[in-house]
């Protein structure tokens, strides 16, 4: 898999379009207040199954989410959602393929990174929460309330870089927000993170994925296997720590392996937990998902031993499971 390259000229055109729509968007959403339906935030460590879980949910339920079309309207999501609805984009069949979380078809879910980066501009780079003013919080609520009104459906997002550092902030800003945290076996997340590095820089030296709070220390590690192991270990700890600070009815931990082996059972648990059964699609079933587990060992034996040994050391040294 190769990194998806963006065309600088197209990006500039879309940026100009968005700037021109800001005033119109804010006028259109001014009478909205706060979203009343669930806001579902899919989270987890990179390469843990967040994309396939998102694709499954938007395939089996009538949910509003940033499609690849709406993503082009990051400063005017209500206008983008109206266009998306008028073209019946959500009725397209979901394609279960992605490249580093990026889907290809128009109806595919998008991480909506430009949108989240506008609201939480430094969270992805410094792994810290970003505090919004009261006025900013009100405007963000208006955006989501207006968006939900287009189809009268819960909103679903899968964004890791900006959302994970702001779990506690978002739970406060949006009382209806719930977090779905997918957890995959440590080894396979580390293996995939390690392999992904070569697509982002020479000799595995570049960073790939989300930054834990102690990422500066981890970046100093020369061995890419050890670096990937520590990144995954501390990210999982950071996520668990943030979730522990919000009420238990506001989040659900989901095992990737359970989801792959028993999707209907896990989907049922999710739907009950976050109260989205009324939006279940009658025309699609779990056997339409065409899921295939990615848990296949691809590293050499000595590499496997390094990962397992360092994970054991971290868990014992930090008294963490």
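Quick one: would you say residue 239 is in contact with a helix residue (DSSP H, G or I) (Cβ under 9 Å, 6 or more places away or on another chain) and either closer than 30 Å to residue 154 by Cα or free of Cβ contacts under 8 Å to residues at least 40 places away in the same chain (or both)?
Working: in contact with a helix residue (DSSP H, G or I) (Cβ under 9 Å, 6 or more places away or on another chain): yes; either closer than 30 Å to residue 154 by Cα or free of Cβ contacts under 8 Å to residues at least 40 places away in the same chain (or both): yes.
Yes: the conditions hold for residue 239.
Residue 252 passes every criterion in (1) part of a loop (DSSP other than H, G, I, E, B); (2) within 17 Å of residue 183 (Cα to Cα) apart from (1). Just so you know, in region 281-310 the residues that are surrounded by 13 or more Cβ atoms within 10 Å (Cβ to Cβ) and within 21 Å of the chain's Cα centre (by Cα) include one that is farthest from residue 47 (Cα to Cα), and it is 289.
What are the residues in region 276-321 that are farther than 27 Å from residue 191 by Cα and either at pLDDT 95 or above or in a helix (DSSP H, G or I) (or both), if any? Result: 276, 277, 278, 279, 280, 286, 287, 288. For residue 65, the test of being at pLDDT 95 or above, crowded, with 22+ Cβ neighbours inside 10 Å and out of contact with any strand residue (DSSP E or B) (no Cβ under 6 Å at 6 or more places or on another chain) is failed. If the condition is being surrounded by fewer than 19 Cβ atoms within 10 Å (Cβ to Cβ) and out of contact with any strand residue (DSSP E or B) (no Cβ under 6 Å at 6 or more places or on another chain), then region 151-168 contributes 152, 168.
Within 30 Å of residue 90 (Cα to Cα), part of a helix (DSSP H, G or I), in contact with a helix residue (DSSP H, G or I) (Cβ under 8 Å, 6 or more places away or on another chain) and in contact (Cβ under 8 Å) with a residue 12 or more places away in the chain: which single residue out of 171, 149, 228 fits that description? Explain how you work it out, then say what you get.
Details: 149 fails: in contact with a helix residue (DSSP H, G or I) (Cβ under 8 Å, 6 or more places away or on another chain); 228 fails: within 30 Å of residue 90 (Cα to Cα).
Of the residues listed, the single one that is within 30 Å of residue 90 (Cα to Cα), part of a helix (DSSP H, G or I), in contact with a helix residue (DSSP H, G or I) (Cβ under 8 Å, 6 or more places away or on another chain) and in contact (Cβ under 8 Å) with a residue 12 or more places away in the chain is 171.
Among the criteria (1) under 16 Å from the mean Cα position of the chain (by Cα); (2) modelled with pLDDT of 95 or more; (3) over 23 Å from residue 14 (Cβ atoms), the one residue 153 does not fulfil is (1).
The values are calculated or read from the model by the stated rules, or taken from the named source; none is laboratory data. What you are looking at is a predicted structure, and each value in this text was computed from that prediction instead of being measured. Backbone-built Cβ (ideal geometry, glycine too); neighbour counts: all protein chains shown.
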